[in-house]
Amino acid sequence: MNDIVIEARDLVKSYQMGEIEVHALAGVSFDIQRGELLSIMGPSGAGKSTLMNILGCLDLPTGGDYILDGEHVSDLSQDELADIRNRKVGFVFQSFNLLSRSSALANVTLPMRYAGVSNAERKERATKALQSVGLGDRIYHRPTELSGGQQQRVAIARALVNHPAILMADEPTGNLDSKSGREIMDLLLSLNRDQGVTVIVVTHDPEVSAQTDRIITLKDGVLEKAV
Amino acid sequence: MNISGVIFEALESLNANKMRSALTIIGVVIGVGAVIAMLSLGEGVQASISGQISDIGSNLLFVFSGNEDEEVRNVTPLKEADVAALNDPFNAPSVQTAVASIGGRVEASYGGESSSVSMTGTTASYASVRDIELEEGEFLTDDHQLGVASVAVIGPDVADKLFGRRDGVVGETIRLAGQPLRVIGLTEAKGGSATGSEDNVVFVPLASARTRLVSRSIVGEVDTIYVQAVDADSVTAASQEVTELLRSRHRLQPGAADDFTIFSQDSIASMAESITNVLIIFLGGVAGISLLVGGIGIMNIMLVSVTERTREIGLRKALGARKSHILTQFLTESALLSLIGGLLGVLLGWGLSKVVSIIAIQSGTDITPVFTIGTVLLATLFSAAVGIFFGIYPANRAASLEPVEALRHE
Ligand SMILES: Nc1ncnc2c1ncn2[C@@H]1O[C@H](COP(=O)(O)OP(=O)(O)OP(=O)(O)O)[C@@H](O)[C@H]1O
Ligand SMILES: [Mg+2]
């Protein structure tokens, strides 16, 4: 079995802004091992989110090659990308992005609905996922009835429920106070350590990145140093 | 995703914006309600008119003097002798009975009351040919003709106007254009009628009418001949026999135009039907426009909803929703809006047409709205189609959003 889950080869992402071409990514290459916990750092505008979007198959690179869990992503259609996101990628956003109308349980079942999982199994797996992030007693609460930290836990449960190959978190603690932020980081660490989930975290916080196995630093769309 | 899940989710999101959904639905309710009311009332009018036409009698032909379509120089008037010839089964085997009538509006009076009525001078067989039933007394007989009797059979409206009652009017004497006539019968009410004169009538013996009430310069001239065919299948044959017989009696050269006109009850019925069909299409079309406006309301609301939920759409895509998932989600919402509107609209339309029918009946016109499964299905399916049609653009817009762009949307 291949132990490399992500292979990025010379990734380029450029935007045409009128006359000038903006290179959000200007040739980025690296590998990520299965089970790794990796953080991406860098100043604002360095291209961290752009990179995450490509790694998460939300966006396609304008150049280079990207292989996720053995699949060449650049050749895929929109619907195939949607399926990859559904099966192989779990997203955690800075602003949680939960559906405010729906309960925690319904939010967590959402990815399974697009995967065609049966009703009963959806409920069972979602309940388990919520229990594993410590929200077993809050499954019928709506996002507005939960604290920020709890909302982010729901989002993490949602990201994990389809057993993805990687979990991507773009500044997951950015909207949280330091205590809940630490709790969320602890949760991600334990998921990595105990369940072997591959985790990529984008962060500005050195305290957060210090807890990870490896740090990738981006600057102006290129890798500054890979530890 | 299973269908019930999709519908449940769509209902949930419509429910999240109750007021907005309700207002959008009302637009469709009014549209569908108008369509249903117009179609059912239109069909009610059609049924009522065709009912009145069949009340005239059955398998009837109407023969008039003259020709509206072609120019005829010397018109030979219809005469009683023509009627006698038509009644001869040797001449016209498909004719059951032919009966003559002359008539016009005259003044009827009794005591201090007077009223303008439609007078028909005719013979005994008129009752069977024109389906006249008597409430009281008897119809004109052959003896009345022979005796040129001063008798009259009156309609219920005439009784109402002259006597203010319908009981015991037989035996009274009324005056028609000044001539005293003894009432011998009262006809049954035929109900409200498009022609309006079915109940406001007085029948007198043809001979009496000719000598005392109307002046016709030509001896034996009649206005109309009613011909009843032996059965429904013989109406065409009867019409041909009448044509041939009258042409030969009127000594028309081959190739010359008829100097008389034959209408069949069927042709009148189909003419009335084609007129009311135009009416129904027109009313339905006008109502359809309001349904269209309702549809535009749906499109408007769905566009607002897509814009508002851009982030949600981005999130769903990030979680693995395909284009078709998003498309289905928004199409289901718009189809549900219009389907709910359609179902409520059927109820509204039903209520509206009931109200209109009650008002119409109170003012003397008998319109019973006709609801067919077809009308209801048509309106419901059409409204769902409107929802889908006007939902396609917004849903497609939602489904085509770029996930990264959508997620960044504030
Ligand atoms: N859709 C776009 N059109 C044009 N330029 C873009 C677009 N998206 C990103 N960029 C540019 O690409 C560069 C990298 O942006 P990106 O969002 O990846 O930065 P970041 O490292 O995530 O910053 P932050 O830490 O502030 O989130 C920026 O210069 C930005 O202006
Ligand atoms: Mg960013």
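The values are calculated or read from the model by the stated rules, or taken from the named source; none is laboratory data. What you are looking at is a predicted structure, and each value in this text was computed from that prediction instead of being measured. Cβ sites come from the backbone with ideal geometry, for glycine too, and all protein chains shown count toward neighbours.
Hey, does the range A:192-215 have a residue that's within 16 Å of ligand 2 (Cβ to nearest atom) and touching a His at 6+ places or on another chain (Cβ under 6 Å)? No - not one qualifying residue is present in the range A:192-215.
Any residue that is under 25 Å from A:I84 (Cβ atoms), in contact with a Leu (Cβ under 6 Å, 6 or more places away or on another chain) and either buried (at least 22 other Cβ atoms within 10 Å of the Cβ) or small (G, A, S) (or both) - is there at least one of those in the range A:212-226? Within the range A:212-226, one or more residues are under 25 Å from A:I84 (Cβ atoms), in contact with a Leu (Cβ under 6 Å, 6 or more places away or on another chain) and either buried (at least 22 other Cβ atoms within 10 Å of the Cβ) or small (G, A, S) (or both). Of all residues in the range B:266-279, those being surrounded by fewer than 18 Cβ atoms within 10 Å (Cβ to Cβ) and in contact (Cβ under 8 Å) with a residue 24 or more places away in the chain number 7. The set of residues from the range A:167-185 being touching a residue at least 40 places away in the same chain (Cβ under 8 Å) and more than 12 Å from A:A155 (Cβ to Cβ) comprises A:E171, A:G174. In the range A:138-181, which residues are farther than 21 Å from A:L105 by Cα, hydrophobic (A, V, I, L, M, F, W, C) and not in a strand (DSSP E or B)? Those that are farther than 21 Å from A:L105 by Cα, hydrophobic (A, V, I, L, M, F, W, C) and not in a strand (DSSP E or B): A:A165, A:L176. Residues in the range A:101-114 that are within 9 Å of chain B (Cβ to nearest Cβ) and among the hydroxyl-bearing types (S, T, Y): A:S102, A:Y114. No other residue among B:T328, B:T332, B:T310 is under 30 Å from A:I166 (Cα atoms), touching an Asp or Glu at 6+ places or on another chain (Cβ under 9 Å), within 14 Å of chain A (Cβ to nearest Cβ) and among the β-branched types (V, I, T) apart from B:T310. Scanning the range B:216-235 for residues that are in a helix (DSSP H, G or I) and surrounded by 15 or more Cβ atoms within 10 Å (Cβ to Cβ) gives B:S234, B:V235. Screening A:K88 on (1) within 11 Å of chain B (Cβ to nearest Cβ); (2) of a type outside the set (S, T, Y); (3) touching a Phe, Trp or Tyr at 6+ places or on another chain (Cβ under 6 Å); (4) more than 23 Å from B:G5 (Cα to Cα) shows it passes everything except condition (3). The set of residues in the range A:1-29 being under 20 Å from the mean Cα position of the chain (by Cα) and surrounded by 17 or more Cβ atoms within 10 Å (Cβ to Cβ) consists of A:V5, A:I6, A:E7, A:A8, A:L11, A:K13, A:A24, A:L25, A:V28.
For the range B:162-185, taking the residues that are of a type in the set (K, R) and within 14 Å of B:A108 (Cα to Cα), the one that is surrounded by the fewest Cβ atoms within 10 Å (Cβ to Cβ) is identified as B:R182. For A:S77, the conditions (1) more than 13 Å from chain B (Cβ to nearest Cβ); (2) out of contact with any helix residue (DSSP H, G or I) (no Cβ under 9 Å at 6 or more places or on another chain); (3) among the polar types (S, T, N, Q) are fulfilled apart from (1).
From the list B:A34, B:A98, B:A47, the one residue that fits, being under 30 Å from B:D366 (Cα atoms) and buried (at least 22 other Cβ atoms within 10 Å of the Cβ), is B:A34. In the range A:15-32, the residues that are farther than 19 Å from A:K48 by Cβ form Cβ pairs under 6 Å with partners that are of a type outside the set (D, E) and more than 8 Å from ligand 1 (Cβ to nearest atom), at six or more places apart or across chains, as follows: A:E21/A:S14. Can you tell me which residues in the range A:1-36 are within 12 Å of ligand 1 (Cβ to nearest atom), under 19 Å from A:S74 (Cβ atoms) and charged (D, E, K, R)? Hit for the range A:1-36 is A:K13, nothing else.
Cβ-Cβ distances below 6 Å connect the following pairs, each with a first residue in the range A:186-202 that is within 16 Å of ligand 1 (Cβ to nearest atom), a second residue that is polar (S, T, N, Q), and a separation of six or more residues or different chains: A:V201/A:S39.
Among residues of the range A:50-74 that are more than 21 Å from A:A159 (Cα to Cα), those with a beta-carbon under 6 Å from a residue that is within 15 Å of ligand 1 (Cβ to nearest atom) and part of a helix (DSSP H, G or I) at least six positions away or on a different chain give the pairs A:P61/A:I54.
Residues of the range B:1-11 being assigned to a helix (DSSP H, G or I) and surrounded by 14 or more Cβ atoms within 10 Å (Cβ to Cβ), which ones? Once the filter is applied, which keeps residues that are assigned to a helix (DSSP H, G or I) and surrounded by 14 or more Cβ atoms within 10 Å (Cβ to Cβ), the range B:1-11 yields B:V6, B:I7, B:E9, B:A10, B:L11.
Of the candidates B:L315, B:L407, the single residue that is within 14 Å of chain A (Cβ to nearest Cβ), of a type in the set (A, V, I, L, M) and away from ligand 2 (no atom under 16 Å from the Cβ) is B:L315. A:G35 satisfies every condition listed in (1) on the phi > 0 side of the Ramachandran plot; (2) at the interface with chain B (Cβ under 10 Å from one of its Cβ atoms) except (2).
Yes/no matrix, rows are residues, columns are (1) of a type outside the set (S, T, N, Q); (2) modelled with pLDDT of 90 or more; (3) in the same structural domain as B:V28 (by TED's automatic domain parsing); (4) farther than 19 Å from B:Q46 by Cβ:
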{"position": "B:I225", "(1), (2), (3), (4)": "yes, yes, no, yes"}
{"position": "B:A229", "(1), (2), (3), (4)": "yes, yes, no, yes"}
{"position": "B:D233", "(1), (2), (3), (4)": "yes, no, no, yes"}
{"position": "B:Q240", "(1), (2), (3), (4)": "no, yes, no, yes"}
{"position": "B:P254", "(1), (2), (3), (4)": "yes, no, no, yes"}
{"position": "B:S274", "(1), (2), (3), (4)": "no, yes, yes, no"}
{"position": "B:G284", "(1), (2), (3), (4)": "yes, no, yes, no"}
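Every condition in (1) in contact (Cβ under 8 Å) with a residue 60 or more places away in the chain; (2) more than 9 Å from chain B (Cβ to nearest Cβ) holds for A:E124 except the one numbered (1).
For the residues A:L110, A:L58, the requirement of being hydrophobic (A, V, I, L, M, F, W, C), under 18 Å from B:P403 (Cβ atoms) and more than 16 Å from ligand 2 (Cβ to nearest atom) singles out A:L110. Screening the candidates A:V5, A:V117 for the property of being more than 14 Å from chain B (Cβ to nearest Cβ) and not in a helix (DSSP H, G or I) yields one hit, A:V5.
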